[in-house]
Amino acid sequence: MSDNNDKHAELPLTAIPERAVNKTDSTTEPKPPQRVLCINAHPDDQEFTVGGTLAKWARGGTQVITVVITSGDAGSNEHTEATMTKTKLAEIREVEQRNACAVLGVQETVFLHYGDGTLQPTIDLRRDLTRLIRKYKPDAVVCGDPTARFYGNSYMNHPDHRAAGDAACDAVFPSAGTRFIFPELLAEGYEPHQVARVFLHGSEKNDAWVDIADTLEIKCRALKQHSSQLGDWDPVERMREWAAEEGKEKGLAAAEAFRVMILKEETLQAEGKREEQPEYAEAEL
Ligand SMILES: [Zn+2]
């Protein structure tokens, strides 16, 4: 026993993974990342869940890159006409997603073209997401909480959402930061990168809140770009209800809530020393 203890005593503290330590300060709004990769399964997932936060961050100078794993070609039961084809629908939905991203202030939108409705957290998907993390080197990743299985007693989380969240988290850790996981990415020129924070949406263990009172309108405008899915439905009232519900615990009129994983302590640069502020253009839609 003493042998083991002695060995452990020689290890630097950073070599020992911390478990069950909550470093998130729930009393203040999380500091915006400088660059964020927002990874979701379908076109419109981002707008429904984190559109207000991304719009707020983008307007504060955060560089936002959106990754959409499928192109939503399974459509919706309600609004997809019988004459529609999967190829045509994918094209329509990619245009809608790009328009929504333009409204939010997203700088780049990447589609991975996996099949909608049958997504699996495969090694191929993990490698594709690892490549993007190493390419864009975000300090934060936003994705869905893969452990969310049932919401209340009326919505079972879509399997694609769980698969996307799982693959995204696994790409963040350990794949993106570990040199010899996916050595083929090294050969392509993608060096390891450590993501500092992961913002999980749709979690049942929220510990961070972003006030979206000033960007709720932009979120709704972005969401409305997905007209092939929404039909004539106006999302404003529902989004206001959701935002009020999420903000209630913190006394906020409108919020988006997250569970935040802090994987690396950041030395955040002083406001004035942030990287050159990217420009975003308001969509002319
Ligand atoms: Zn979805």
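Bear in mind that the values in this text are calculations on the coordinates, not laboratory data. Model, not experiment: these values are computed from the prediction. Don't worry about glycine lacking a Cβ; one is built from the backbone with ideal geometry, like all the others, and counts go over all protein chains shown.
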- Odd one out for LYS224, checked against (1) free of Cβ contacts under 8 Å to residues at least 12 places away in the same chain; (2) under 20 Å from the mean Cα position of the chain (by Cα); (3) over 23 Å from THR70 (Cβ atoms): (3)
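Yes/no matrix, rows are residues, columns are (1) surrounded by 17 or more Cβ atoms within 10 Å (Cβ to Cβ); (2) among the aliphatic types (A, V, I, L, M):
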position: HIS226; (1), (2): yes, no
position: GLY231; (1), (2): no, no
position: PRO235; (1), (2): yes, no
position: ARG238; (1), (2): no, no
position: ALA243; (1), (2): yes, yes
position: GLU246; (1), (2): yes, no
position: ALA253; (1), (2): no, yes
position: GLU256; (1), (2): yes, no
position: GLU266; (1), (2): no, no
- Query: Within the bounds of the range 180-200, is there any residue that is in contact with a strand residue (DSSP E or B) (Cβ under 6 Å, 6 or more places away or on another chain) and closer than 18 Å to ALA58 by Cβ?
  - Reply: yes
- Message: Being of a type in the set (D, E, K, R) and touching a helix residue (DSSP H, G or I) at 6+ places or on another chain (Cβ under 7 Å) is true for just one of LYS219, LYS250, LYS205. Which residue is that?
- Response: LYS219
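Out of the residues in the range 41-72 that are of a type in the set (Val, Ile, Thr) and assigned to a helix (DSSP H, G or I), state the one that is nearest to the ligand (Cβ to nearest atom). Before the answer, list the steps.
Kept after step one, since they are of a type in the set (Val, Ile, Thr), are these residues of the range 41-72: 49-50, 53, 62, 64-70.
Subsequent filtering for residues that are assigned to a helix (DSSP H, G or I) retains 49-50, 53.
Working: THR49: 9, VAL50: 13, THR53: 17 Å.
The residue in question is THR49.
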- Message: Can you name every one of the helices (runs of 4 or more DSSP H) wholly within the range 96-209 that holds 1 or more residues which are surrounded by fewer than 17 Cβ atoms within 10 Å (Cβ to Cβ) and within 16 Å of the ligand (Cβ to nearest atom)?
- Response: 159-170
